[in-house]
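J.: Got a structure here, written out as structure tokens. Questions coming.
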Amino acid sequence: MIDTLIIGGGAAGLYASSLLPRSVILERGSCGRKLLLTGGGRCNYTHNGDVTSLLPHYHGSLPFIRKVLYSHTPDDIISRFRKLGIEPEDENGKIFPQRGDAHDILHALTSHNPEIIESKAISIKKEDGSFQIKTDHGETLLAKKVLLAAGGSAYPQTGSDGSGFILASSLCHTVIPARPALAALALSPSLRKAEGITTGITLRKGKKSVSDTAVITARGISGPAAENFSYLLSGQEEITISFCQMDMKEMRASKGAMLLKNALKLPPRLSIAILGDTAEKKVASISAKEEREILGKLSAGRYLASPIAQSAMSTAGGVDTSEINAATMESRLVPGLFFAGDIINVDADCGGYSLTWAFATAYTASLALSAM
């Protein structure tokens, strides 16, 4: 009989394990595979600031999120990793390990040599006060308590394949359908002529907007602007993109002899990708009709956008927060069942916010599990 079985050896599962000496991790592959990809391999493991400043970067039930984040703040996370030998490096609020290597974070989280069973949970049920978990190796594990930290469905090659949602559903939990988050966007019409250019943009859908840097790709855009906007899209939807503002009257007066692509405060290739042949015209020769079209495309260009699922670092959706006690992370439906990390219906912007959530939920769950 296992005291606490942690299903999932990602960031949340490892953090909880480091706080629960009698726990066992069930993970079908090597632990922390997705963790090693975060922050471009440097692992932006939290974001500096108080909870109030962090909240706008989370999407889901704000009362639930607020309670969890106050239980284990970024300062607490930094202190915890200091105890594990990790000194922080602050880059505009993003907290990295000093050496800039995600392996340091993984090593810190596994320094207690956790017990790991290398299998995948394929079913779970609760009978006679304990959990029975069947694995893909034909074993049946018995556990007094279970922490479901199996992640969402982003980057399935790292283990986050959505199987945790199936386990939660089998125990009668409501699972909000997952969709890509922190993903690059495919755009139509294409901007591929400007591939590789990095620029500041504002993306809008209805009253929601995100302003940040974007990288133009062959399929659309990537970078913080795309990733922080992607959670708003359910499939392909119309959005507007603002690339720059311009004063055509002033431009005619001072830059009338210049080609438009060279007169704008944009890289010429990007101007061509947005405006087509019009970008090759002299500013003085642009008609009133063309001027209106130019202003529209630059300040509120219309595009069809959709998240590229294969690029998603996270998912929106997951176990309904109304069925989880925010003070303990315990299921309100199944005593002894706990949740942590991406499996919960909360997602966050890039910048260390997702890992902050993983660690905060894991800490909250570990306190409650230790007390049982």
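J.: Among 123, 232, 106, pick out the residue whose Cα is farthest towards the positive end of the charge dipole of the stretch 100-246, where Lys and Arg carry +1 and Asp and Glu carry -1 on C-beta, about the Cα centre.
T.: About the Cα centre, the residue reaching furthest to the positive side is 232.
J.: How long is the gain from residue 293 to residue 112 if the chain were fully straight, where each residue apart is worth 0.36 nm and the alpha carbon distance is subtracted? Kindly include the intermediate steps, with their values, before the conclusion.
T.: Numbers: separation 181, 0.36 × 181 = 65.16 nm, distance 6.22 nm.
Once the chain is fully extended between residue 293 and residue 112, it gains 58.9 nm.
J.: For the ranges 8-15, 62-69, 162-169, what's the packing order if you count other beta-carbon atoms within 10 Å of each residue, average per peptide, and put the highest first?
T.: Values: 8-15: 29.5, 62-69: 18.1, 162-169: 20.6.
Those peptides, ordered most packed to least, come out 8-15, 162-169, 62-69.
J.: For the chain, what relative contact order do you get, as a whole percent, if you take Cα pairs closer than 8 Å and at least 6 residues apart?
T.: Working: 850 pairs, mean separation 86.5, N = 372.
Worked out over the chain, it gives 23 percent.
J.: Give the percent of DSSP beta bridges with both residues in the chain that are antiparallel, rounded to the nearest 5.
T.: Values: 50 of 66 bridges.
That works out to approximately 75 percent antiparallel.
J.: Looking at 157, 48, 271, which one has the Cα that reaches farthest to the positive end of the dipole of the chain (charges on Cβ: Lys, Arg +1; Asp, Glu -1)?
T.: So the residue we want is 271.
J.: Would you please give the residues with an amide H less than 5 Å from that of residue 122, counting only those at least 5 places away or on a separate chain, with H modeled from the backbone geometry?
T.: For residue 122, the qualifying residues are 134, 135, 136.
J.: Taking the alpha carbon gyration tensor of the stretch 288-340, what are the square roots of 5 times its eigenvalues, largest first, to the nearest whole Å?
T.: Numbers: eigenvalues 466, 34, 12 Å².
Value: 48, 13, 8 Å, ordered largest first.
J.: Determine, at each q value in 0.11, 0.16, 0.17, 0.22 (inverse angstroms), the log₁₀ of I(q)/I(0) that the Debye formula gives when each Cα of the stretch 239-370 is one equal point scatterer.
T.: Normalising to I(0) and taking log10 leaves -0.60, -0.80, -0.86, -1.19.
J.: Residue 89: net charge of surrounding residues, Cβ under 12 Å, Lys/Arg +1, Asp/Glu -1, itself excluded?
T.: Numbers: positive: 42, 94, 99; negative: 87, 90, 91, 101, 104.
Summing Lys/Arg as +1 and Asp/Glu as -1 gives -2.
J.: For the pair residue 19/residue 157, report the inter-label distance in nm, with labels modelled 7 Å from Cα in the Cβ direction.
T.: Simple spin-label model gives 3.2 nm for this pair.
J.: With springs only between Cα atoms under 10 Å, which of 249, 297, 145 fluctuates most in a Gaussian network model of the chain?
T.: Result for the chain, Cα springs under 10 Å: 249 fluctuates most.
J.: Given a 1.4 Å probe, how much area per residue of the chain is accessible, in Å²?
T.: Ligands and nucleic acids excluded, the figure is 43 Å² per residue.
J.: Quick one: pull the percent of accessible area on the stretch 305-367 belonging to carbon and sulfur, 1.4 Å probe, ligands and nucleic acids left out. Don't skip to the end; give the middle numbers.
T.: Values: 780 of 1490 Å².
Roughly 52 percent, rounded to a whole number.
J.: Continuing with this model, one more query. What does the charge dipole of the chain about its Cα centre add up to, to the nearest 20 debye, if the Cβ of each Lys and Arg holds +1 and the Cβ of each Asp and Glu holds -1? Could you put the intermediate results ahead of the total?
T.: Details: 39 positive and 36 negative charges, 238 e Å.
With only Lys, Arg, Asp and Glu charged at Cβ, the dipole is about 1140 debye.
J.: Moving on. At 1.4 Å probe size, with the rest of the protein present, what percent of the exposed accessible area of the stretch 168-265 is carbon and sulfur atoms? Could the numbers behind the result be given before it?
T.: Working: 2440 of 4810 Å².
Accessible surface attributable to carbon and sulfur in the stretch 168-265 totals 51 percent.
J.: Which percent of the accessible area of the stretch 1-105 is formed by carbon and sulfur heavy atoms (probe 1.4 angstrom)?
T.: Details: 2180 of 4450 Å².
Heavy-atom surface of the stretch 1-105 belonging to carbon and sulfur, 1.4 Å probe: 49 percent.
J.: Put a dot 7 Å past each Cα toward the Cβ at residue 132 and residue 90; how far apart are the dots in nm?
T.: Modelled inter-label distance: 5.3 nm.
J.: Work out, step by step, the length gained on full extension between residue 1 and residue 70: first 0.36 nm times the residue separation, then minus their alpha carbon distance; give nm to one decimal.
T.: Working: separation 69, 0.36 × 69 = 24.84 nm, distance 3.35 nm.
Stretched out fully, the residue 1 to residue 70 stretch lengthens by 21.5 nm.
J.: Taking R0 as 35 Å, what FRET efficiency do you get between residue 52 and residue 245 from their Cβ-Cβ distance, rounded to the nearest 0.05?
T.: On the way: r = 31 Å, r/R0 = 0.89.
So, using R0 = 35 Å, E works out to roughly 0.65.
J.: If I take the Cα coordinates of the chain and project them onto the principal axes, what are the three extents in Å, biggest first?
T.: Rounded to whole Å, the extents work out to 81, 40, 35 Å.
J.: Given R₀ = 22 Å, what would the calculated FRET efficiency be for residue 304 paired with residue 176, taking r from the Cβ atoms and rounding to 0.05? Please report the intermediate quantities before stating the final value.
T.: On the way: r = 25 Å, r/R0 = 1.11.
My answer for the efficiency is 0.35.
J.: How large is the translational diffusion coefficient of the stretch 128-201 in µm² per second when you combine the Kirkwood radius over alpha carbon pairs with Stokes-Einstein at 20 °C and 1.002 mPa s?
T.: Numbers: Rh = 16.2 Å.
Answer from the Stokes-Einstein relation: 132 µm²/s.
J.: Quick one: what are the phi-derived ³J(HN,Hα) couplings along the stretch 168-175, Karplus 6.51/-1.76/1.60 with θ = phi - 60°, whole Hz, x for glycine and proline?
T.: Calculated HN-Hα couplings, in order: 4, 4, 5, 9, 6, 7, 7, 10 Hz.
J.: Mind giving me the FRET efficiency for residue 254 and residue 208? R0 is 22 Å, r the Cβ-Cβ distance, nearest 0.05 is fine.
T.: Working: r = 36 Å, r/R0 = 1.63.
Plugging the Cβ-Cβ distance into 1/(1 + (r/R0)^6) gives 0.05.
J.: From the C-alpha gyration tensor of the stretch 116-263, pull out the three semi-axes of the equivalent ellipsoid (sqrt of 5λ each), sorted largest to smallest, in whole Å. Numbers along the way, then the final one.
T.: On the way: eigenvalues 513, 45, 22 Å².
After scaling each eigenvalue by five and taking roots: 51, 15, 11 Å.
J.: Of 83/125; 145/208; 34/145; 34/297; 208/297, which pairs sit farther than 29 Å apart, going by alpha carbon to alpha carbon?
T.: Values: 83/125 37 Å; 145/208 41 Å; 34/145 25 Å; 34/297 38 Å; 208/297 19 Å.
Table pairs above 29 Å Cα-Cα are 83/125; 145/208; 34/297.
The values are calculated or read from the model by the stated rules, or taken from the named source; none is laboratory data. A quick note: this is a predicted structure, and the numbers were derived from the prediction, not measured. Please note: Cβ atoms are built from the backbone with ideal geometry, for glycine as well, and neighbour counts cover all protein chains shown. All accessible areas refer to the heavy atoms of the entire protein, side chains included, with ligands and DNA or RNA removed. Shrake-Rupley method; radii C 1.70, N 1.55, O 1.52, S 1.80 Å.
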